[in-house]
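Report on the following structure.
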Amino acid sequence: MFSLFFRTEFLVTFLLFALFQGLSVLGTPTSQTAGCFFDNATGIRHSYVGGNLFGDKHAVNSTATVGACCALCQKYAGMGCVFFQFSTQGCYGHPAGCCRLKTADAWKGRGAGDSFTTSGSIQPLPAPPPPVGPGYCRNGTNCGGTNLWTKWGDTSLPNSTYTNPGVMPYPKSSDLIDWEFKSGANPGYGSLPGQNMFKAASADTFYPTWAADNKLYTGFTDGNVCDYATGKCVHANSEPNSPPYTVNHGQACIVGDDPFALNITDVKIYSNYTASPYKDRFPSGMLAYNGTLWYGTYWVPPYKTTPWSTTPSVGPLIDYRYSTDGGDTWVEPRPNPTKPTDNLFGENADQNTTSNQVKFATPHFVDFGQDLEHSPDGKAYIVSHGNDDTHTNSAEAWMLGNAVFMARVTPKVGAFNDRNEWEFYAGGHGANATWVSGDVTRAKPLVEFVNHTGSTTMTYFPAIKKFIISICTTSRYPILDGGHFDMYFLESDSITGPWKYITHMKEFGPQVYFANHVSKFTAKQVNTTSKTLETFLMYSANYDPGYSPDGVNPPNSAYHMNLQQTRFTLSDSFLAKLKHST
């Protein structure tokens, strides 16, 4: 998702090629022009995720036209280039035309594109797969799996020889003793209905909120999401290339009660704000309550080459824009922030002026069910990974930190963007937990695991009266790119702990990130026969598919809105406790 990675030898080769070839124009895209086969014969433009010729998706080139992009692919055919993708909008530091070169594997990630993108091949296009209908992935064999409940193969804990050394600081749970997924029962949403709708690529950063109207509302970014009703696909982007650094953030409604047959509707873009002064601005989750929607954003400073240094590599929470008409119009408190500390909590991650790191790096709302139904006090809570001043020698990035912090606020328009209305968790568990108002410097870690926190979410499970934290983080500190992310779950009877770990999965996916258990699709009661509680895990995955040479697992994990059927295993003693308490 994030990085700045470029191969010097490729840049030099391309510049020499451009010098001698003059980036010649091959003409207006048609079905075939000088050995170029454009993927728009049906009137729908397509894009490809994965199969990047030079590995990382951020290794891109500038060309003046799609014809020149095709010519570049022809130039590198001997190295395996088969597909190309050209955008007039630029990408990753290329403000003009953006050209990506792709191998034959790119066809697996074919999905609907936007009006700025033209893709194609230097060979005749393969036949597209046949259309599929709703419920296709309910039988996991249709989506690449076995349709069997499956445990992750490597649940080893970090140790001194681990690729990210450390020691799990929390004891093993005796209540929730395992977690597994149903292989292939993982529909991928975001592309157009039809030929490849549950497998094609779309976007990432999906964090749904369950509103009183029974819809899920979510943001998204860095890709295309299609409206099933209108057939229109929109493109969102959080990494602008040049001033004024305007970003385009997506929003959509997820309609339906069957997780295998959902409809994506009301897909829109919001672009009335900029990423200044940090250059990048990303979605950080949505909340629906009492007819109002809130949509948060956070900053990311300009990227440096990984491994990550100890200078700030992720910025603070900016604010929450809000809508009282279902997302048709929004009020944005900070459309053009003026300085690095011009944000909700006043944190600073400006690489030019400070070595500070932030506590609330990528905040996400705690999922209490529909319209905050199970909030312990009627308030909205956020959790976020971050660092504090006790670990200044550790790197911090979008999937990397030392701790998890929590804050809460009364869910009303006047309170959300008033720092003094926020309370920060300041230590203690259950009835002994303490909170401080208005001062983020006094916030204390809710969870602490040095170099082993990252994107964090929390969901309440009323059927078992448990709060469960999901954390995705790097497997190979301090390197993020390359697709190796661990995921682990913590559980507690109280929102403030104490915590115990359920399972730790090494290199899950790989490249699974932004994971969250969706309360709407969680069973209302325990299955006493299988001794499990079923739920669905939503996540993003495989933003650099070239780093998964052995294929993806869980099957159908891809750069789209994954919705994997999962379940927690309960111990006999915990089942007896639940039975006694009802």
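Out of Thr218, Thr163, Thr155, one residue alone is closer than 16 Å to Gly256 by Cα and of a type in the set (Ser, Thr, Tyr). It is Thr218. Screening the stretch 475-500 for residues that are assigned to a strand (DSSP E or B) and over 26 Å from Gly427 (Cα atoms) and picking the one that is nearest to the chain's Cα centre (by Cα) gives Phe485. Based on this model, can you work out whether Lys151 counts as among the charged types (D, E, K, R) and free of Cβ contacts under 8 Å to residues at least 40 places away in the same chain? Taking the combined requirement at face value, the residue satisfies it. Considering the stretch 413-433, and only residues there that are farther than 29 Å from Gln351 by Cβ and touching a residue at least 12 places away in the same chain (Cβ under 8 Å), the residue that is surrounded by the most Cβ atoms within 10 Å (Cβ to Cβ) turns out to be Glu423.
Being out of contact with any Ser or Thr (no Cβ under 8 Å at 6 or more places or on another chain), surrounded by 23 or more Cβ atoms within 10 Å (Cβ to Cβ), of a type in the set (Gly, Ala, Ser) and closer than 26 Å to Ile502 by Cα is the requirement here; does Ala185 meet it?
Here the answer is yes, as Ala185 does meet what is asked.
With the structure loaded, tell me whether Asn393 is open to solvent by 10 Å² or more (accessible area, probe 1.4 Å) and in contact (Cβ under 8 Å) with a residue 60 or more places away in the chain or whether it fails that test. Before you say what the answer is, go through the steps one by one.
Values: open to solvent by 10 Å² or more (accessible area, probe 1.4 Å): yes; in contact (Cβ under 8 Å) with a residue 60 or more places away in the chain: yes.
So Asn393 fits the description; yes.
So in the stretch 251-280, with the set limited to residues that are in contact with a His (Cβ under 8 Å, 6 or more places away or on another chain) and at pLDDT 95 or above, which one is nearest to Ala112 (Cα to Cα)?
Step one: filter the stretch 251-280 for residues in contact with a His (Cβ under 8 Å, 6 or more places away or on another chain), giving 269-271.
Right, trim to at pLDDT 95 or above and you get 269-270.
Values: Ile269: 16, Tyr270: 20 Å.
Applying the filter and picking the extreme gives Ile269.
Right, Thr441: more than 30 Å from Tyr543 (Cβ to Cβ) and outside any loop (DSSP other than H, G, I, E, B) or not? In short, yes.
The set of residues in the stretch 254-299 being farther than 20 Å from Tyr320 by Cβ and assigned to a loop (DSSP other than H, G, I, E, B) consists of Gly256, Asp257, Asp258, Pro259, Phe260, Ala261, Leu262, Lys279.
If a residue must be outside any strand (DSSP E or B) and open to solvent by 40 Å² or more (accessible area, probe 1.4 Å), how many such residues does the stretch 309-329 contain?
Of all residues in the stretch 309-329, those outside any strand (DSSP E or B) come to 309-316, 324-329.
Restricting the remaining residues to those that are open to solvent by 40 Å² or more (accessible area, probe 1.4 Å) gives 309-311, 324-325, 328-329.
Matching residues across the stretch 309-329 total 7.
Across the stretch 43-77, the number of residues qualifying as at pLDDT 85 or above, more than 18 Å from Thr118 (Cβ to Cβ) and assigned to a loop (DSSP other than H, G, I, E, B) comes to 1.
So which residues in the stretch 447-473 are hydrophobic (A, V, I, L, M, F, W, C), in a loop (DSSP other than H, G, I, E, B) and either open to solvent by 10 Å² or more (accessible area, probe 1.4 Å) or over 18 Å from Pro498 (Cα atoms) (or both)?
Residues of the stretch 447-473 that are hydrophobic (A, V, I, L, M, F, W, C), as a first pass: 447, 449-450, 458, 461, 463-464, 467-469, 471-472.
In the following step, the residues that additionally are in a loop (DSSP other than H, G, I, E, B) were identified as 463-464.
The one that is hydrophobic (A, V, I, L, M, F, W, C), in a loop (DSSP other than H, G, I, E, B) and either open to solvent by 10 Å² or more (accessible area, probe 1.4 Å) or over 18 Å from Pro498 (Cα atoms) (or both): Ala463.
Among the residues of the stretch 207-253, the ones that are under 30 Å from Phe86 (Cα atoms), open to solvent by 30 Å² or more (accessible area, probe 1.4 Å), assigned to a strand (DSSP E or B) and not hydroxyl-bearing (Ser, Thr, Tyr) come to 3 in all.
For the stretch 83-115, which residues satisfy the criterion of being among the aliphatic types (A, V, I, L, M) and open to solvent by 20 Å² or more (accessible area, probe 1.4 Å)? Full working, then the answer.
Initially, the stretch 83-115 is screened for residues among the aliphatic types (A, V, I, L, M), giving 96, 101, 104, 106, 112.
Correct list: Ala96, Ala104.
His580 passes every criterion in (1) closer than 28 Å to Leu287 by Cα; (2) open to solvent by 20 Å² or more (accessible area, probe 1.4 Å); (3) not in a loop (DSSP other than H, G, I, E, B) apart from (1).
Test Asn387 against the criterion of being polar (S, T, N, Q) and buried (at least 19 other Cβ atoms within 10 Å of the Cβ), and give yes or no. Break it down into steps so the answer makes sense when it comes.
Values: polar (S, T, N, Q): yes; buried (at least 19 other Cβ atoms within 10 Å of the Cβ): yes.
So Asn387 passes the test.
Residues Gly386, Gly401: which one is over 14 Å from His364 (Cα atoms) and small (Gly, Ala, Ser)? Spell out how you get there, then give the answer.
Numbers: Gly386 fails: over 14 Å from His364 (Cα atoms).
Going through Gly386, Gly401 in turn, the sole match is Gly401.
Evaluated against (1) crowded, with 22+ Cβ neighbours inside 10 Å; (2) more than 14 Å from the chain's Cα centre (by Cα); (3) not in a strand (DSSP E or B), Ala558 falls short on exactly one condition, (2).
Out of the stretch 154-174, which residues are surrounded by 14 or more Cβ atoms within 10 Å (Cβ to Cβ) and either hydroxyl-bearing (Ser, Thr, Tyr) or without any contact (Cβ under 8 Å) to a residue 24 or more places away in the chain (or both)?
We begin by selecting, within the stretch 154-174, every residue surrounded by 14 or more Cβ atoms within 10 Å (Cβ to Cβ); these are 155, 157-158, 162-164, 166, 168, 170, 173.
Residues satisfying the conditions are Thr155, Tyr162, Thr163, Tyr170, Ser173.
Does the stretch 506-532 hold any residues that are crowded, with 22+ Cβ neighbours inside 10 Å and part of a strand (DSSP E or B), and which are they? Scanning the stretch 506-532 gives Gly509, Val512, Tyr513, Phe514, Ala515, Asn516, His517.
Looking only at residues that are of a type in the set (S, T, N, Q) and surrounded by 24 or more Cβ atoms within 10 Å (Cβ to Cβ) in the stretch 188-206, which one is nearest to Gly50 (Cα to Cα)? Can you show your working first?
Within the stretch 188-206, the first condition is being of a type in the set (S, T, N, Q), and the residues that meet it are 191, 195-196, 202, 205.
Imposing the further condition that a residue be surrounded by 24 or more Cβ atoms within 10 Å (Cβ to Cβ) reduces the set to 191, 202, 205.
Details: Ser191: 15, Ser202: 12, Thr205: 17 Å.
Filtering first and then ranking leaves Ser202.
The values are calculated or read from the model by the stated rules, or taken from the named source; none is laboratory data. Just so it is clear, the model here is predicted, and its values are computed rather than measured. Every residue, glycine among them, receives a Cβ derived from its backbone with ideal geometry; neighbour counts consider all protein chains shown. Ligands, DNA and RNA are stripped out before the accessible areas are found, and what is left, the full protein with its side chains, is counted by its heavy atoms. Shrake-Rupley method; radii C 1.70, N 1.55, O 1.52, S 1.80 Å.
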